[in-house]
Amino acid sequence: MRLLLIEDDERIAAPLTEGLGRYGFTVDHVRTGAAGLADTTAAPDLVLLDLGLPDMDGLDVCRSLRARSAVPIIMITARGEEADRIVGLELGADDYLAKPFGVRELIARIRAVTRRAAAPAYAPNGPAQAPDVRPTASDAQALGPLAISRRTREVRLDGQQVALTPREFDLLAYLAEDPGTVYSRQQIMDTVWDPHFFGPTKTLDAHVAALRRKLGDPGWITTARGVGFRLTLPDNHTAEAAG
């Protein structure tokens with residue numbers, strides 16, 4: 001696996017590159033955000049992105065990378081503020097790791113992220129389907145104007161493709177397994193993330209917020225206070241369907 005490490009601190013980059021190399025990873029190291037964005041070598045399988053870069057904010061690098069690629073991104077940061085991490089996740093990062101950290105922990109995160117990115121389509125929980133869910137000619141599950149294709153990992157709304165990160169797609173696909181059903185926060189974290197995920201408490205909320213924004217209506221994902229979330233057809237679309 002080829003990794004792109006964007007990190008300006010040589011005291012971190014050198015031992016990290018060496019340690020990852022011992023585990024079979026190929027690491028291309030650049031020291032600035034501009035160099036990372038201008039990288040012309042073979043496309044990386046995953047990006048390790050420091051937020052505290054000398055030439056530009058790592059969050060801007062994350063935004064630019066995500067605008068042109070679905071490559072998994074793990075932020076590595078010394079910033080302690082949860083808000084920074086949430087913003088990074090909303091911009092499309094797949095995970096974060098706070099400095100200092102061990103190589104083995106980082107490798108576990110890399111493997112978890114890449115497993116999720118390559119995860120097969122979810123299988124339905126049972127034969128019963130919600131009435132609003134119907135198969136289409138393109139093998140996509142449809143909920144009103146929303147179509148989800150697990151085979152191609154594409155989402156379309158009113159026929160227009162919605163650009164989602166791998167984690168956002170996995171979250172939407174999981175909620176869509178049984179629309180209307182409330183999935184607990186723990187169920188979602190264990191399935192879409194990992195039973196041993198130790199990220200910030202607001203990670204799930206950040207991804208839900210990003211999905212709501214990209215779907216253009218917060219009514220697509222409703223909150224069951226104190227329990228979790230469910231996928232529903234927004235009221236305006238329900239009214240259109242009834243009409």
- prompt: Do the conditions hold for D8, that is, is it acidic (D, E) and assigned to a helix (DSSP H, G or I)?
  reply: no
- prompt: Quick check: anything in region 124-140 at pLDDT 85 or above, closer than 30 Å to V47 by Cβ, out of contact with any Asp or Glu (no Cβ under 7 Å at 6 or more places or on another chain) and open to solvent by less than 30 Å² (accessible area, probe 1.4 Å)?
  reply: no
field: Number of the condition not met by G92 [criteria: (1) part of a helix (DSSP H, G or I); (2) more than 19 Å from T17 (Cα to Cα); (3) in contact (Cβ under 8 Å) with a residue 60 or more places away in the chain]
entry: (1)
message: Take the conditions in a helix (DSSP H, G or I), modelled with pLDDT under 90, open to solvent by 40 Å² or more (accessible area, probe 1.4 Å) and not polar (S, T, N, Q) and apply them to D178. Does it pass?
response: no
message: Consider region 204-228. How many of its residues are open to solvent by 10 Å² or more (accessible area, probe 1.4 Å), closer than 20 Å to S184 by Cβ and either in contact with a Leu (Cβ under 9 Å, 6 or more places away or on another chain) or assigned to a loop (DSSP other than H, G, I, E, B) (or both)?
response: 4
- request: Could you tell me which residue of region 11-52 is most open to solvent (accessible area, probe 1.4 Å), considering only residues that are touching a strand residue (DSSP E or B) at 6+ places or on another chain (Cβ under 7 Å), modelled with pLDDT of 85 or more and polar (S, T, N, Q)?
  value: T26
- request: Starting from region 127-153, keep only residues that are on the phi < 0 side of the Ramachandran plot, then list their pairs with residues that are at pLDDT 85 or above and open to solvent by 60 Å² or more (accessible area, probe 1.4 Å) whose Cβ atoms are within a distance under 6 Å, requiring at least 6 positions of separation or different chains.
  value: P145/D158; A147/R156
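The values are calculated or read from the model by the stated rules, or taken from the named source; none is laboratory data. In this text, all values refer to a predicted model and were calculated from it rather than measured experimentally. All Cβ positions, glycine included, derive from the backbone under ideal geometry; neighbour counts span all protein chains shown. The area values use the complete protein model at the heavy-atom level, side chains included, leaving out ligands, DNA and RNA. Shrake-Rupley method; radii C 1.70, N 1.55, O 1.52, S 1.80 Å.
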